[in-house]
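A short write-up of the structure that comes next.
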Amino acid sequence: MQLILDIPDKFLPTDQKNKNNFSQQIRLYSALLLFQSGQLSRGAACEFAGIDIYTFLAACKKHKISVINIEAEDLEADLTRFKQKHSV
C-alpha cells in the first residue's frame, strides 16, 4: 500500500537525496510512535521503517523509548514467584 502525505513545500528538502532521507525519517518516526503506543511490535516496527532491529533499538535509545514493555506489577509477581521457587 502506498500512502500519500500532503506536506507543505517549505518543509521539504530541495534535492532528491535529502528527499529520500526525509521519507525514511518519516517512516522511522512513524514506526517509533506506533511501537511506543503499542500498535506495532518491535519486529513489525522494523519492517514498517525498513530497518534492522539494531538500528531500530538505537533509534529507540536515542529518542528515549523503552523497548521493554512490562508492567511493574507483572515484574513484581515474576520476582516473587522466582524467589519462592528458588528459596532454600
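The values are calculated or read from the model by the stated rules, or taken from the named source; none is laboratory data. Quantities reported herein were computed from a predicted structural model and do not represent experimental measurements. Positions of Cβ are backbone-derived with ideal geometry, glycine not excepted, and every protein chain shown enters the neighbour counts.
Here are the numbers for this structure:
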| item | result |
| --- | --- |
| Residues located in segment 14-60, provided they are farther than 21 Å from E71 by Cβ and of a type in the set (K, R) | K17, K19, R27 |
| In segment 5-37, the residues that are of a type in the set (A, V, I, L, M, F, W, C) and over 24 Å from D52 (Cα atoms) | L5, I7, F11, L12 |
| Boolean, I53 is touching a Gly at 6+ places or on another chain (Cβ under 9 Å), β-branched (V, I, T) and farther than 22 Å from M1 by Cβ | yes |
| Enumeration of residues in segment 65-88 that are hydroxyl-bearing (S, T, Y) and within 29 Å of S37 (Cα to Cα) | S66, T80 |
| Yes/no for L34 being of a type in the set (A, V, I, L, M) and under 19 Å from the mean Cα position of the chain (by Cα) | yes |
| Failed item in (1) modelled with pLDDT of 85 or more; (2) of a type outside the set (A, V, I, L, M, F, W, C); (3) surrounded by 11 or more Cβ atoms within 10 Å (Cβ to Cβ), with D9 passing the rest | (3) |
| Test: residue in segment 66-76 that is surrounded by fewer than 12 Cβ atoms within 10 Å (Cβ to Cβ) and modelled with pLDDT of 95 or more | no |
